[in-house]
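Written out below as structure tokens is the structure these notes cover.
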Amino acid sequence: VQLQASGGGLVQAGGSLRLSCKASGRTLRSYGLGWFRQAPGKEREFVAGMTWSGSTAYQNSVKGRLIISRDNAKNTVYLQMNSLEPEDTAVYYCAAKAGIIYSSLGAASAYDYWGQGTLVTVSS
């Protein structure tokens, strides 16, 4: 599975962006999907995840602002980002794992496939 992330950019605080992650090589229908981010000087952290059946999980700091969704027909996972804050500035990575269980969505080590990352910069 190859993952290609896109949609990052520069946005003012309070603004919105939608990240996309398109998969090729295999259908994502049976895959769990996740979004992680890494800010300068910090470790990579979990942002949002979704099991193959549609159950979702979010980091507490993004609940109500960021929304993960998927379109199996387009083999794409999205991250809708609203009410962005400067603290959301980071490189965002998508990840995939066949059959991942809900309790493992937040663990980067659980994922087999990663996209290349897309930079989101939120100005104050």
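Remark: pairs (first residue in the stretch 35-64, among the polar types (S, T, N, Q); second residue open to solvent by 60 Å² or more (accessible area, probe 1.4 Å) and in a strand (DSSP E or B); Cβ separation under 8 Å; 6+ apart in sequence or on different chains) = Q38/E45; Q59/E45. For Q12, which of the numbered conditions (1) open to solvent by less than 60 Å² (accessible area, probe 1.4 Å); (2) of a type in the set (S, T, N, Q); (3) under 16 Å from V122 (Cα atoms) fails to hold? Failing condition for Q12: (1). Here G64, G41, G34, G25 are screened, and the one residue that is open to solvent by less than 20 Å² (accessible area, probe 1.4 Å) and of a type in the set (G, A, S) is G34. Cβ-Cβ distances below 8 Å connect the following pairs, each with a first residue in the stretch 97-120 that is touching a residue at least 12 places away in the same chain (Cβ under 8 Å) and of a type in the set (K, R), a second residue that is open to solvent by less than 40 Å² (accessible area, probe 1.4 Å) and part of a loop (DSSP other than H, G, I, E, B), and a separation of six or more residues or different chains: K97/Y111.
Taken over the stretch 70-89, the criterion of being open to solvent by 40 Å² or more (accessible area, probe 1.4 Å), in a strand (DSSP E or B) and either free of Cβ contacts under 8 Å to residues at least 12 places away in the same chain or under 19 Å from V11 (Cβ atoms) (or both) is satisfied by D71, Q80.
The values are calculated or read from the model by the stated rules, or taken from the named source; none is laboratory data. All figures in this text were calculated on a predicted structure; none of them were measured in a lab. Counting neighbours? That spans all protein chains shown, and the Cβs are built from the backbone with ideal geometry, glycine included. Please note that ligands, DNA and RNA were not included when accessible areas were found on the heavy atoms of the full protein model with its side chains. Shrake-Rupley method; radii C 1.70, N 1.55, O 1.52, S 1.80 Å.
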